[in-house]
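Each remark here refers to the structure printed beneath this line.
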Amino acid sequence: MSKNLRLILIQHRTAGDAKEENVQYVLGKIRAAVADEKRTSVPILVVLPELFNSPYGPQFFDKYAELIPDGYTSKALSAVAKELGIYIIGGSYPERDPQNPKTLYNTCTVWGPKGELLAKHRKVHLYDIEVPGKVTFKESSAMTPGKNFTIVEIGPAKIGIGICFDIEFDEFARVYRNEGCNFLVYPAAFPIYTGELHWELYQRARAADTQSYVTMVSASRDYTNPFVNWGYTMLVDPWARVIKKAGEEEEIIKADLDFALADSAREQLPVFRKRRTDMYDVVAKVPLK
């Protein structure tokens, strides 16, 4: 059985005011990225940034929120996944709770090659930060935090999904490692200030912690936007080495992931087996799905 996965990370322009235009622009990027791919038995996985259909700010979330899987963005991702026969981790977009329309989530969806919804992850750790003179943001003023871990298997990849601020919590990643995940995926939107400090640091740290592939996927920078993304979409291997990274502009990153590398890293440096669970442990207190 192949241990490989073809990965495509799409760093596209920051979302503008028109949701349908934002979504159609991203679909064009997906089609262009996949057009020259040779079709083999290796699955193709495309990953998008956080909030790719909406500007990033609490004042926008209610306007752009939709039901999943019945909303415009969900139907568009489902259709293009089926059209191209690929898997898509659809970044994230605002989700409206069908039982309570005033409740909103920052939600990542995962789509299979038949257009099926494989999973959805509601952002667990909401981005509330205040660094005087640098950055102030309170995601919890408009969003409700999720309450579940989300794991999906695509070929040889057992993927633990987080969104942006989720990466800053090592316990969250440790639970995924405990469950056998070998790839951590975080659609993200870091501001420039914390991006410069922590973007690469957290990815390499989580890769070293879990001996997994790790990626964070961002939109490109747009200095005319109220929220300026850091950019620099990145992929890190299970030895915590940076494999590839984008710059500030729109860019597509492609890589072949060999999950035998995660297996060998874990065998050669047996951190997981050497943990002293008689002294400490990290456990999930909610169901895993």
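General remarks:
- When the range 129-143 is filtered for residues that are in a strand (DSSP E or B) and surrounded by 13 or more Cβ atoms within 10 Å (Cβ to Cβ), the ones remaining, listed by number, are Ile129, Val135, Phe137, Lys138.
- Qualifying residue in the range 112-120 (condition: in contact with a Pro (Cβ under 8 Å, 6 or more places away or on another chain), under 30 Å from Pro191 (Cβ atoms), in contact (Cβ under 8 Å) with a residue 40 or more places away in the chain and crowded, with 17+ Cβ neighbours inside 10 Å): no
- Qualifying residue in the range 35-44 (condition: farther than 20 Å from Glu95 by Cα, surrounded by 22 or more Cβ atoms within 10 Å (Cβ to Cβ) and either touching a Gly at 6+ places or on another chain (Cβ under 6 Å) or at pLDDT 95 or above (or both)): yes
- Test: residue in the range 202-216 that is assigned to a loop (DSSP other than H, G, I, E, B), surrounded by fewer than 17 Cβ atoms within 10 Å (Cβ to Cβ) and either without any contact (Cβ under 8 Å) to a residue 60 or more places away in the chain or among the acidic types (Asp, Glu) (or both): no
Matching residues to (1) under 16 Å from the mean Cα position of the chain (by Cα); (2) at pLDDT 95 or above; (3) polar (S, T, N, Q):
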position: Asp128; (1), (2), (3): no, no, no
position: Pro132; (1), (2), (3): no, no, no
position: Met143; (1), (2), (3): no, yes, no
position: Thr150; (1), (2), (3): yes, yes, yes
position: Gly155; (1), (2), (3): no, yes, no
position: Ile161; (1), (2), (3): yes, yes, no
position: Ala173; (1), (2), (3): yes, yes, no
position: Asn178; (1), (2), (3): no, yes, yes
position: Ala188; (1), (2), (3): yes, yes, no
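- Residue in the range 8-25 that is in contact with a strand residue (DSSP E or B) (Cβ under 8 Å, 6 or more places away or on another chain), aromatic (Phe, Trp, Tyr) and without any contact (Cβ under 8 Å) to a residue 60 or more places away in the chain present: no
- Of the strands (runs of 3 or more DSSP E) lying entirely inside the range 55-125, those carrying at least 3 residues that are within 24 Å of Phe137 (Cβ to Cβ) are 93-96, 104-111, 117-122.
- Selection of the range 268-289 for residues being within 25 Å of the chain's Cα centre (by Cα), aliphatic (A, V, I, L, M) and assigned to a loop (DSSP other than H, G, I, E, B) yields Val282, Val283, Ala284, Val286.
The values are calculated or read from the model by the stated rules, or taken from the named source; none is laboratory data. Keep in mind it's a predicted model, so treat the numbers as computed, not measured. Note that we place each Cβ from the backbone using ideal geometry, even for glycine, and neighbour counts take in every protein chain shown.
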